[in-house]
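Following: one structure in structure tokens, then a few remarks.
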Amino acid sequence: MSLGRFPATRLRRTRQAEFIRSLVRETQLAPEHLIQPLFVAEGELIGPIASMPGIRRLSLDELVTECRELYALGIRLVALFPVIPAALKTDDGREALNADGLVPRAVKAIKQAVPELGVMCDVALDPYTTHGHDGLLDERGNVDNDATSGILRRMALVYARAGCDVIAPSDMMDGRIGDIRQVLERDGHKNTLILSYAAKYASAFYGPFRDAVGSSGALKGDKRNYQMDPANSDEAIREVAFDLEEGADLVMVKPGLPYLDIVRRVKDEFRVPTAAYQVSGEYAMLKAAIANGWLDEKKALMEALLCFRRAGADLVLSYYAKQAAVWLGEKA
Ligand code: PBG
């Protein structure tokens, strides 16, 4: 690469005005790159989430209205997270297999109202278990990998039959992508997409999400024997390789901003559709600083989202997706 010499080369020339800055801009951000996570609830669980200002646990009616608005703004995929009442939570999370459960009903309602909008469903047991873990516990209190994978494949089938477009296993069991792919193929769902939470780290940044779905108070211990150690990077490559081999169509890195080096490595190594998740704790940090007047909301958010794209993320899950789509629309 020729580095150029001053003054023949002045790097500030291409920064001098917006016309030239926009001509040399390397990365674009559009509403189509954004995925909106949505919480759905019923009865007294509907309402605001204290640690996530501006985000609500939506009723089914509110959910449908929200999806119409999101589609009109250019958002093409939403990610559903159910808030399950304590009375329906069990040690084995069996409500996850209920074909008339909250998620299947929510998927059907959205697909009926906005059929063009893609619907993604999280596959993991934590919203449904009394202990708040993503799977079934063995007698020593550890999440049993193979038994959990057996439940998750049934759960994925329930969601696919309800009309879910994208199955998103977020549990980090070994081998579950292959299990789910096999059951989908056998049941005739050959076009159901799998977006695997391939490199999901055991992170402190999920706190507000666990408040939102009511799993934080219940969670016994932590998730470090199934979610990844934040210290590891090579291991993320192995996780992604396995999930792709087993049938994932898209892979995700999670959390977001502190893990952009992983996003870049995954994109460079595999060249497959790669998503990143700006998680609840990242959202809460931004909102807290903004509430104090310490950051400019629009500038800070749009910069963060652009940086995900620059790092190699094709798609970004963000609780700010709708707001960003509104701002992107105003620019055009
Ligand atoms: C559950 C799940 C979690 C998130 C998405 N799916 C929480 C966890 O693993 O404990 C976190 C999302 C966020 O923090 O925004 N398997």
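Coordinate-derived values only; no laboratory data. Since we're looking at a predicted model, the values are computed, not measured. Quick reminder, even Gly has a Cβ in these numbers, built from the backbone with ideal geometry, and neighbours come from all protein chains shown.
Shape verdict for the chain, please, from the Cα gyration tensor: rounded (a/c under 1.5), prolate (a/b greater than b/c) or oblate. Verdict is prolate for the chain. Look at the alpha carbon pairs under 8 Å that are at least 6 residues apart: their mean separation over the length of the chain gives a relative contact order of 18 percent.
Charge tally for Tyr197 (other residues, Cβ to Cβ under 11 Å; Lys, Arg +1; Asp, Glu -1): -2. Across the stretch 44-116, the relative contact order, built from alpha-carbon pairs under 8 Å that are at least six residues apart, equals 32 percent. The antiparallel fraction among DSSP beta bridges confined to the stretch 1-149 stands at about 20%. Relative contact order of the stretch 254-302, taken over Cα pairs closer than 8 Å and 6 or more residues apart, is 34 percent. For the chain, the antiparallel share of DSSP beta bridges with both residues in that region comes to about 10%. Listed by chain and number, the lysines whose alpha-carbon sits under 28 Å from that of Lys267, ignoring those within fewer than 8 places in the same chain, are Lys190, Lys200, Lys223, Lys254, Lys298, Lys299, Lys322. Of the peptides 294-304, 269-279, the order by per-residue mean of other Cβ atoms within 10 Å, starting with the highest, comes out as 269-279, 294-304.
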